[in-house]
1. With springs connecting C-alpha atoms under 10 Å apart, model the chain as a Gaussian network and identify which of T93, T177, T167 has the largest mean-square fluctuation.
2. Give me the Debye-computed log₁₀ of I(q)/I(0) at q = 0.21 Å⁻¹ for the range 49-100, equal point scatterers on Cα only, no solvent, two decimals.
3. Leaving out ligands and nucleic acids, note down the accessible area per residue over the chain with a 1.4 angstrom probe, in whole Å².
4. Could you check how much of the accessible area of the chain is carbon and sulfur, as a whole percent, using a 1.4 Å probe?
5. Taking the Cα centre of the range 74-194 as the origin, how large is its charge dipole in debye, to the nearest 20, when only Lys and Arg (+1) and Asp and Glu (-1) carry charge on their Cβ atoms?
6. Rounded, prolate or oblate for the range 68-144? Axes are the square roots of the Cα gyration tensor eigenvalues, ordered a ≥ b ≥ c, and the cut-off for rounded is a/c under 1.5.
7. Lys and Arg at +1, Asp and Glu at -1: add these up for the other residues within a Cβ distance under 11 Å of Y116 and post the number.
8. Where is the GNM fluctuation largest for the chain (alpha-carbon springs, 10 angstrom cutoff): S83, S105, S168?
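The values are calculated or read from the model by the stated rules, or taken from the named source; none is laboratory data. As the structure is a prediction and not an experimental result, all values here were calculated from the model. For neighbour counting, all protein chains shown are included, and Cβ atoms are generated from backbone atoms with ideal geometry for every residue, glycine included. Just so you know, the surface numbers come from the protein's heavy atoms only, side chains and all, with ligands and any DNA or RNA stripped out. Shrake-Rupley method; radii C 1.70, N 1.55, O 1.52, S 1.80 Å.
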Amino acid sequence: MIRRPPRSTPSNSSAASDVYKRQDVDVVWDLGPHEFSQMIYLLGEPEDGVLPVGAAHYPAGLADDVHVHFRYPGGVVASVYMSWLSPFKRRMTVIGGSRKMLAFSDLWAEEEIKVYERSVRARKEGEGYAYEYERGGAAIPAVSRMQPLKREVDEFAAAVLDGAPLTSDGRMGVRITELLEECESALYGRREGG
């Protein structure tokens with residue numbers, strides 16, 4: 001029995017490659033920009049920066065397997081897992097809600113998004129809580145098959161021609177870079193300005 005109810009259902013994202021791709025940067029700088037921009041787009045700005053945990057398994061000394069945790073207002077927690085050591089390529093995002101969970105992967109050919117009937121209910125029991133897990137089926141909603149790069153180019157053209165706001169602008173790029181630098185500093189013990 002757990003003494004407190006869960007505050008939120010976590011969200012997570014994972015990206016893994018079956019190839020050790022880079023020798024100039026670690027896995028965070030290689031795969032992180034995409035994963036971090038997804039987290040900011042979906043959940044907004046993290047409350048306390050980042051908390052990375054990782055390791056370098058090969059002589060180059062570059063982190064090749066890293067978990068990064070984010071905390072958001074209201075007790076929402078998100079994590080990103082990035083690895084070059086996977087036996088297969090993986091790119092998936094899972095978002096938990098109070099009654100359903102959404103899974104997205106651009107590697108699933110015809111089923112990019114799946115919505116699962118999954119929930120957890122806490123019931124007060126004595127001084128703690130008992131949890132009931134509900135599991136149902138999954139639905140595959142119809143989604144637009146537009147390529148992400150085409151959507152980004154169309155959005156950029158609308159910004160130039162009509163002044164429409166960009167989803168991913170220079171400020172977001174700066175923030176992603178700051179988060180990458182925070183990870184680097186925490187993983188390798190570097191201090192700001194050094």
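1. T167
2. Listed by q, the Debye log ratios stand at -0.88.
3. I get 64 Å² per residue for this part.
4. 53 percent
5. Details: 18 positive and 19 negative charges, 84 e Å.
In total the dipole reaches around 400 debye.
6. Details: a/c = 2.37, a/b = 1.47, b/c = 1.61.
In terms of gyration-tensor shape, oblate.
7. Details: positive: R99, K100, K114, R118, R135; negative: E117, E134.
Around Y116, the charge tally is +3.
8. S168
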